[in-house]
Every structure is written in structure tokens, then in C-alpha cells.
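Here's the structure, in C-alpha cells; my notes come after.
No value in this document is a laboratory result; all are computed from the given coordinates. This is a predicted model, so every value here is computed, not measured. All Cβ positions, glycine included, derive from the backbone under ideal geometry; neighbour counts span all protein chains shown.
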Amino acid sequence: MIAINVRRLGLYLILAFAIMSGGLTYWQVIDAPQLAARDDNPQVIAARRSQPRGTIFDARGAVLASTAVTDGVSRRTYADPAFSHLLGYASLRFGTTGIEGAFDDLLIGRADPNPVRDLVGQILARSPEPKDLTLTVDKRLQDFAAAQLGSSVGAVVALDPVTGGILASTSTPTFDATPISGDPEPAGAAMDAIRAQPNNPLVARDRQGRYTPGSIMKIFTAASALDAGAITPKTTFADQPKEETQGFTVDGFRITEHDLSPVQPALWDLSPALQVSSNIYFAHVGLALGAERFLDYARRFGFCAPLAIGPSGRELPVVASYVSASSDGGCAPFSDRVELASASFGQAKVNVTPMQMALVAATIANGGSTPQPYVVRDVRSHSAGAPSKSVLETYSGDGGRGVVSAQTAATVRSAMIDAVEGQLGSLYAGAGAVKLYGVSGVQTAGKTGTAQRGEGQQPHSWFIGFAPAQKGATPAIAIAVLIEGGGSGSGNAAPIGGAVMAEWLKLQAAG
Amino acid sequence: MTGEVLRIVLLVLQLGFLAIIYLILFGFARSLLHDLRSAERTRAASRAGIGRLAVLESPEDEPPAGTTIALGPINSIGRNVNNTIYVEDDFASASHAMLTFRGRSWFVEDQGSTNGTYVNGHRIDRPVALSFGDELAIGRVRMRLDR
Amino acid sequence: MRITWRAVELRMLLPLLVLVPLGFAVTHIAQSGKLEPGPLGLALAYVGLMLLAHIALVASGFRGDQLMLPLVGVIGGIGLVMLNRLPQQLAGTSVFGIQLGMAGTQLLWFGVGLVAMLALAIGLRDDGILRHYKYTWAAAGAVLLVATFQFGKEVNGARLWIDLGPVQFQPGEFIKLVLVVFIAGYLAERRTLLAEASSRIGPIAIPPLPYLLPMLAMFVIVMAIVVFSKDLGTALLFFGIFLTMLFVATGRRSYVLIGILLFLGGAFVAYKLFGHVRVRVDNWINPFADPSGSGYQTVQAIYAFARGGLFGEGLGQGLPTINGVLPIPFVHTDFIFAAVAEELGLIGAVGLLALMLTLVFRGLRIAVLARDDFSTMLAVGLTASLGLQTVIIVGGNLKLVPLTGITFPFVSYGGSSLLASFLMVGLLLAISHRSALDVAPREAEA
């Protein structure tokens, strides 16, 4: 009888040892990749302290971030504060953020984009081989955009509307990431100094700032209503001219027009309504579209959920933009028709990122299809001064996903050209035309926004647009410009938008 | 590139180290299996027996000290030669004790002997269950119950 | 007397001649960056000690188990390779003016342990001294226990050490041994009388008094260890040994269940009452809540496992130091398994566990073949002790159970632990020798 019990005990002990082997397998194989990348893993710390880190180059091979190892201590230098938000920093003390964070394992060299080489490297316990990154961003354009923003608080996002490659993405005020990445003690002091500055320079306004969009939202409203068949380019609303002066009462709430002078109200269809940016007209359009279709199109355009700048698997996050109150990270239903009507011209609960609005412009430019934005073009072998010839991995956008029909996009595009260059439009957004900045023969599509905020606060100044916009031309750049509390869109954001687009066209022409 | 050579040598040696551990494990596994098989044979051979008495001390040498006695399910012990286990000892009674296997355990019962039956040095006055390893004293003869 | 050659034992010991020196050489190459074997004195001395023990067993006509010594040799060998790999200043001692590093000191204890093991295996021809004086042993154990409570030195939050001038030792390791002997004696004596009887309260089978009382006594002792010594590992181990032996003696899972419930109840009360218990349990549930403070050890061990992966970082190539400091505190005692897993990988760590399991099965086989109930219970208790100790410390390293400060038998650094483990193996060998005498002709064939 004892023998039977001993045998049973043996089985229990086998079970216990099997459970231990299971636990071992969990930590050593299943959970190991996540654990190996954690910042407080001594292996990671040791590597960061002493080993070289890959260089980050702009699209043309200019060095943006590089590491020198002196006396066994590695130091990271960032060349251009205009890139601080995009690149982030690789700090012993504050962790890694931005592209530095998303591509950390490659930059350190713990991973290889090629799975076979990755495995061989791990088995042979090769010392890490850092990899370099090349961005889609052109340093010249990024610096130009930052200079245009100057001392204002704001952001510029520009991307290639066809490929989705980010051309510039900058936020002001910015900061110097070099001291933050250095020795822990001075890094703490540097960080404290940055935090003490006004307007929180650490926030990447292009990806993490959410603002009321104002009239630039009308591009979304127009595209959605046209695509859904709720309006045609010729649709007019009979009461609209009267309401321009007396106000449009929705469920007892009176929606009023902004100051239209010097333009006199008339019965407008889509193009003139967009040119003068009639809130009354677009309130009617939004109500004609209806709450459900409004939200449905918002989601298609990428609102109501966080966005990600690719490549996939190594995304840079972009906070969600909302067209109504947020609920569980998505858009809540509109609480009433007034909220819907106000959202149609970009007021009420609408809250958006510059990146999202740049994508709205890019969608119209790209024939109704939203490109997948990406910022790292390729991974290369390490080389200190100039990009190596050995490209290990290339990334690209995914070709875009259809949001509205090509016909809808063409209609909106033509209305947006009118909004900048038309007889009425040039009064408002004329400063966004690239022809004013030394580029001739190119039409510009755009829309300004002057986002009203609370009592006594200056409105946010917005501009979105793209160029070249004329029929048959391939658009080269789509843009969103935001200036916090910058006043009217036509006065501040539009000139920056026009200048940056013109700069890019000139740079491209020069090669 | 000496660094690379060193790494490859280290990798090979490391794998060799692990391989030896597993070769040793394999060796142990083989020995264990071998033992298991011989244990099966041993058990098959001894299944008939349910226990044995090892004679530890016997002044008259009947039963002889140092021998073992195979037990059946019912064993009578005493100075009478008709007993299953014949004990030649002046201090043993003719019909001294009964050693029986009931169910799962061995029991010993005194048959009204003059000098009594002792288990582990204690005199018993009723049937007592025995464990393997327990010591039984009949007169001056000491025996141990073994598997 | 006819000589038995113990061929199996010798055959299984010979691979050690390659294994241990190879481990030392890999470590040396990795740490120095030079393609040379480096000093192999300690490694060869270790294998020499094992072979000497083998020769001693042959010379004394020992007939017991032939796999036990090689198993201990391999497990201890892996441990010594690991200890040799760690910075030698972690521990050490000076003997007759010769300064020994950690591996050297451990080797010294291997020598002492082997002698003690041989003394028990060869010398203990009659177990009467254990069996009949069980209450004396129990009393000695109790005295040691109380002495630990009273005079124990607190190290790392637990009161485990007794300082006797030149020698320090952990009485817990020896109390464990005495405990097994006593419980084996107690249960073997009462087994047949009481296996059947149990009273019931409603649907629950209550163990009869002769089992219930020791269970309660055991529970009180264990709780006293938790409270006075703050030694959760030893408490868990003692109770585990007791329940295992009770299970084998009675075959009743319900008794074990009652014991576990009792223990969980006590653990809950201890959790509520004592800070040191609370810290341990909270770190177990989420070490990442305070990764640089109280959860540090566990988090670092988990990282070590993760770095190891399937094949390991390689001997001498893992455990990255930061400013010259090893990442895991107490890596040579409590966390030696994490170090093994990091440098030898999942494959090596599972191999080590498999070796330990083989040792346990060998112990259980000795128990089944033992001649009498006392020997069986003793062998079960000793084996359970070695097995449970491994499960508790490895489980703690792996965050499967709360982390406790007990050692991995034959692998962790520590004289008391090593000596106690060798004494256990010595007793197991003695038991196997006695049962082998009964079936001598058959065993000789094998």
C-alpha cells in the first residue's frame, strides 16, 4: 500500500517539475522578447551606456542624430531641434520616445530586420550591430517650416499625398534633446529646465495636440455629404441668404454667421459657400447628411481612433481626433442637432490633431484615398558620417485606403482651388497660394480655419491644403498648419502653408 | 576576425557542454529503465510471498539465527513441532502465538502462552497489527517481520 | 568478502571528467577572451573527490544504489561550474592561511559533505539509533529551533544563522533532517494501527487524533518559524515534508488538503499581521510594482531568464554587470537557478531540473524497495525534502510561488545546506544498502 502512495507521490512530483518547466518556458521563450526590450533590463542599460547607436539621417543623408563612443561611454547628439518631437530622445534616465523608441532595438542593434540574420546573431551572441535609419523627412523643409512658425506656438505637418511619406512634421516651441540623452544627473536638470518653460515644449503638437478645427472641417463635411449623395455641387438652401444675417435656428438654438464683410450674402451653392466659408450653408449640409452618416464618414477619414505613423509594428502613435464628445476612446453620438450642425463647420466638440487634418487634405489630393503615413524610409548598416550603401530593409506606405469616390474628391478639390484662388476665396485664403511665393503655373487647393474658443481667447489659426492642385497634375505635398491662438486663418496659417508648399515645389524642381 | 572565431568556438563548446548534460541524462534514463525491468522481475518472483520472518536471535538455534522464514497467510508459532513455525526454546509455550495476514496487515495474537508474546519489547494482551520492521519475541527467540 | 565493482556508478561518473573541466574552460575563454583552457585545478579536484568517494564505496563492499553518487556529482558539478563563473569575492573563507574563493570554499564543503555521506552510508548498518531514539532526536531539533529563535543572527531579513565563533551554520538545515527522522519513526510506528480509522464531522473526514495532533503541532512549529525566524522558505518546506510523509503513510489526500487549508489560513493571518510576509507576497503578485525597490530581485531574475532564451547566453557571457555590480542580489544562493537558466538557457535549465527529478525518483525507488516501514518512510521524507526544496526555490525564482530564501540542493553556495544534503543522500544510501543485502544475488547481476 505504501508503494502505491509512493508511486502517486512520484506522479505529483513529476507534475510539479513539469509546471516549473512550463514557467521556465514562459519566461525564457514566450515572454522573453518583451522583457528583453524593457528599459530597466540591465542588458539594455549596459548596451545604452557603452555601445554605439545607429545614426538617423534625413531623406537626403543629412545627419539628424548620431552617437560617439568616448572612453567606453556612448553619447548621443541631436543636430536639429526642429526634429526633437519626431525623433524623440534615447535617454538613460527618461527612456526612449519618438522614432528613437519605436526603432530602439534596431538602433541599438539587438535586432536585425532580416529574421535569419537576427537568429544567427542571437545564437552566436554577436555583439550588437547598430543599424541606421533614413527618414522620409527633408531637413531643409522641416527647418523651413520651423522657421516659418518662428516664435508662435503651433505645428506644421506636410506629407506626400500619394505615398504617405512625411515630408515635414514639426512643433513649436521645441527643445534640445541632446542634454536629456546625456549623463543622468545633468539630464535631470535639463529636463527640469524644459519643463519650467511656458507652453510645454515637450508636447508634440503635430501628433499629440488636439484643437478645435473651425472652418477647415468644412472640407470633411463637403466631401462626406457629396459622397453620400446628401448634396450636389449645385445644392442651395432657400433660407440661407436670409439666415446669413438673421441667424439659423436649430431646435431653438440660433446659429449665427461669422463676419462676412466685405462680401454680401447671396444664395450660394457649394463653391461660393466654401469660398466665403459660410457656417450657415455647412450647418444645412451637416443636417442633410445626418448624424449617423456624419460619424460613419468621420471614422472612415480616420477620426474617432488613434492613428499611427508607420511602418506597422514600429508605429509612432497619434492621438485620436474627435468630431463629437469622446467616449471609450471613440466618438460618442451627437447629443442633439445643434451639436451636429456646429460640428459641420468645425465647432462644438470637434477636436483634432494637425496630423489628422493633413490626412484630410491628402485624401482629397490623392483622389479620395487616405495614404498610410510613414516616416522611416529604410534601415541600413551602420555608418557614422553618410548613409551606408547597404540597405537592409525598405518601408513604404500601403497604397492608401479609399474613403470617398474619385469624383467626390475631384469636386472638393475644385472647390478648394476656388477657396484659395477664386474671386471670393482669395479674399480669405488667398495668402495660401503658392504662386505668391515664387512658384508659377501651379494651382493651390486649400481652406483656412479660424477656430473660435472661449470668451476672451484668441481663435486658433488653421490652414490645410495641397499643391499642385490643377486637373491632371500629381499633387506633391499636402499640408496642415496650426497656430495656437493665432487669430484668423487667413492672416497667419495660410501664408505659412503657402510658403512651405512653395518651398517644397522649389526644392523638388531644384532636385 | 578573431572575435568571430572566439564566438564560434564558445558556441561550439557551450553546445558541447549542454550535449554532455543530456548524454548523462540519457545514461541515467537507461539505467532507470533497466532497474525498472529487473525490479519487475524481482517483484514477479517474490509476489507469492507476503512476508518473511528474519531470525535475529535464537539461543537453541532452532530456528537458526540469521535465516529467514517465508510466511503463509496463517502461521502458528510454538514449541510443538506441529506448529507452522517450530520454536525450540524453554521459554516458549507449546502453542504460543498466531501470526496472520488479514487484508492488508499482519497481526499477531498471543495463544495464552506462559511467558507472553512481545512486539518491539512490549508484551501484548490482544491481537496487534505489525508493521514491517517490527520485532517479535517468542521466549528468547527474536524475529523481525520483513517484506 | 567478494568485491562488487559498482560498474554502473563508475560509468556514470566518468563523463564528469569532461563536463566540469569543459564548463571551467568555457567560462575562462569567455571571461578572458583568450583561447586557452585556464586553470582547471578546482574542476579536476572536484571530479577527483567524486571518484575517491566511489573508490571508498567499492572498498567497503557497499551494495547500495549506484546512481545516487553520479547524480549528485553531475548536479553538484553544474553548480560548481556556475559558482566558479560568478565573481569569487561574493563569498569565501580562509583555511590555514590559504584564501579560498567562492568555488574553492564550496569544493571544501563538497569534501566535508562526501565524507559525511560515506560515514552514514557505510557506517550506519543499523537504523535503531534513529528509530528508537526518535524522541531524543526530536528534542534535539526543538532545542536547535529555539536556539535559532533566541540567538539567531538576522541576515537579509531572516533569522537563520547561529554564530559559534569561527563557524557559522544554519540550524534549519539540520532541523530538517531531524524532523524527517522523527516523523518517519512516528508514522511507521502507527501506520498499520491507524490507516483505517478516521472520524467524520458531517462530510469531512477528520484525521484521527494521532495524526491530527502532530499536524497541529507541526503547524504551530511552522508558524513559530514564520514569526520568530521570518524564514518563510523553511516553514513552507517543513510543512510540505510533513504533509508528503503523512500522505504516503495514510494514502489520504483529504489529510493533505486539510493541511494545505490550515497552512493557507495561517499564511493569510501572517499576511495580515506581519510586514515581512506582506512584502514577500506583494512582490510575488506584482514585482513590477516596485522594480527598483522591494521587487528588484524578482524582476532582475525574470530578466535573467528572458536573456537566457533557448540556448543561453553562454557560460561567462550572461549576467551583464552595471558598474561592476551583478544584476541579481544573492545570485550565488537564492538565485543560482536564474543564473543557470540565463547562461545555459532553457535547455540547460530543464536538463538540471530533469537531473533533480531523476535523483528524486531514485530516492523514491529506494523507498519502495526498503526493507521495513521505517526505512520506507525515512527514504520518502528525505527524498521529499530534496524534491520540495528544489520546487520551492525554483518556483520562487520563476515567480510561481512567493520567493523564499532556501537553497537549491547541491547547486547553491553554502556549507550547511551542502552538508545537510549530503547527509540525506548518505541516509538514502544506507537504506538502499540494507535492502540490497536481502536481494543481493539479483542486484549483483544488474
Would you work out which of A:GLN28, A:ILE309, C:ILE366 lies farthest towards the positive end of the dipole of the protein assembly as shown, given +1 charges on the beta-carbon of Lys and Arg and -1 on that of Asp and Glu, about the Cα centre? C:ILE366
Taking a ≥ b ≥ c as the square roots of the eigenvalues of the Cα gyration tensor, with a/c under 1.5 meaning rounded and otherwise prolate when a/b exceeds b/c and oblate if not, the range C:50-162 is oblate
Between B:ALA97, B:ALA29, B:ALA54, find the one with the highest GNM mean-square fluctuation for chain B; connect C-alpha pairs within less than 10 Å. B:ALA29
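When you look at the Cβ of every residue in C:17-27, what mean number of other chain Cβ atoms sits within 10 Å?
3
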Whole-angstrom Cα spans of the protein assembly as shown along principal axes, big to small: 141, 71, 52
Using θ = phi - 60° and the Karplus curve 6.51 cos²θ - 1.76 cosθ + 1.60, what whole-Hz ³J(HN,Hα) does each residue of the range A:372-387 get, with Gly and Pro shown as x? 7, x, 8, 10, 9, 8, 7, 10, 10, 5, 6, 7, 6, x, 10, x
What angle do you read, to the nearest 10 degrees and between 0 and 90, between the alpha-carbon axis of helix B:2-46 and the longest principal axis of chain B? 20
Please work out whether the range C:103-146 counts as rounded, prolate or oblate from its C-alpha gyration tensor, where a ≥ b ≥ c are the square roots of the eigenvalues and a/c under 1.5 means rounded, while otherwise a/b larger than b/c means prolate and anything else oblate? oblate
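Order these by the 10 Å Cβ neighbour count, fewest first: A:CYS331, A:CYS304. Intermediate results must be reported in sequence, preceding the final value.
On the way: A:CYS331 24, A:CYS304 21.
With the fewest neighbours first, A:CYS331, A:CYS304 line up as A:CYS304, A:CYS331.
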Check: chain A dipole with +1 on Lys, Arg Cβ and -1 on Asp, Glu Cβ, in debye: 900
When ranked by the protection proxy of mean other Cβ atoms within 10 Å per residue, highest first, what sequence do the peptides C:395-401, A:277-283, C:38-44 form? A:277-283, C:395-401, C:38-44
The exposure ranking of C:ILE183, C:ILE366, fewest beta-carbon neighbours within 10 Å first, is C:ILE183, C:ILE366
Pairwise centroid distance, computed over Cα atoms, of the range C:71-130 with the range C:225-245, Å: 25
Binned at 5 Å from zero, the C-alpha pair distances of the range B:51-100 give percents of 5, 24, 29, 30, 12, 1
Compare the peptides A:15-22, C:329-336 by average per-residue count of other Cβ atoms within 10 angstrom and give them in order, highest first. C:329-336, A:15-22
Which percent, to the nearest 5, of DSSP beta bridges fully inside the protein assembly as shown are antiparallel? 95
Short version: what are the Cα gyration tensor semi-axes of the range C:375-414, square root of 5 times each eigenvalue, largest first, in whole Å? 22, 12, 6
Cross-link pairs A:LYS234/A:LYS349; A:LYS242/A:LYS471; A:LYS139/A:LYS218; A:LYS218/A:LYS435 - those with Cα-Cα distance over 26 Å: A:LYS234/A:LYS349; A:LYS242/A:LYS471; A:LYS139/A:LYS218
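Under the classification rounded if a/c is under 1.5, otherwise prolate if a/b is larger than b/c and oblate if not, where does the range C:330-375 fall, given a ≥ b ≥ c as square roots of the Cα gyration tensor eigenvalues? Walk me through the numbers before you get to the answer.
Details: a/c = 7.72, a/b = 2.46, b/c = 3.14.
Taking the square roots of the gyration eigenvalues as a ≥ b ≥ c, the range C:330-375 is oblate.
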Which net charge results for the neighbourhood of A:SER278, defined as the other residues with beta-carbon distances under 11 angstrom from its beta-carbon, given Lys and Arg at +1 and Asp and Glu at -1? -3
At q = 0.10, 0.12 Å⁻¹, what base-10 log of I(q)/I(0) does the Debye formula yield for chain A when every alpha carbon is treated as an equal point scatterer in vacuo? -0.78, -1.03
Taking the mean number of other Cβ atoms within 10 Å as a proxy for protection, how do you rank A:426-438, A:467-479 from highest to lowest? A:426-438, A:467-479
Over what distance in Å are the Cα centres of the range C:296-359 and the range A:238-295 separated? 70
Averaged over A:7-20, number of beta-carbon atoms from partner chains that fall within 10 Å: 6
Dipole size in debye (nearest 20) for the protein assembly as shown around its Cα centre, Lys and Arg Cβ +1, Asp and Glu Cβ -1? 1600
Peptide A:495-503: average number of partner chain Cβ atoms within 10 Å per residue? 0
Convex hull over the Cα atoms of the range A:11-66, averaged projected area in nm²? 5.7
Membrane-span-like helices in chain C: DSSP H runs reaching 20 Å or more (Cα, own axis), mean Kyte hydropathy at least 1.6? C:16-32, C:41-59, C:68-85, C:102-123, C:209-224, C:232-250, C:336-369
Rh (Kirkwood, all Cα-Cα pairs) for the range A:264-359, Å, reads 14.4
Could you work out the relative contact order of chain A, using alpha carbon pairs under 8 angstrom and six or more residues apart, expressed as a whole percent? 16
Percentage relative contact order, chain C, counting C-alpha pairs under 8 Å, at least six apart: 21
Compute the acute angle (0 to 90°) between the alpha-carbon long axis of helix A:279-289 and the principal axis of greatest extent of the alpha-carbon atoms of chain A; round to the nearest 10°. 60
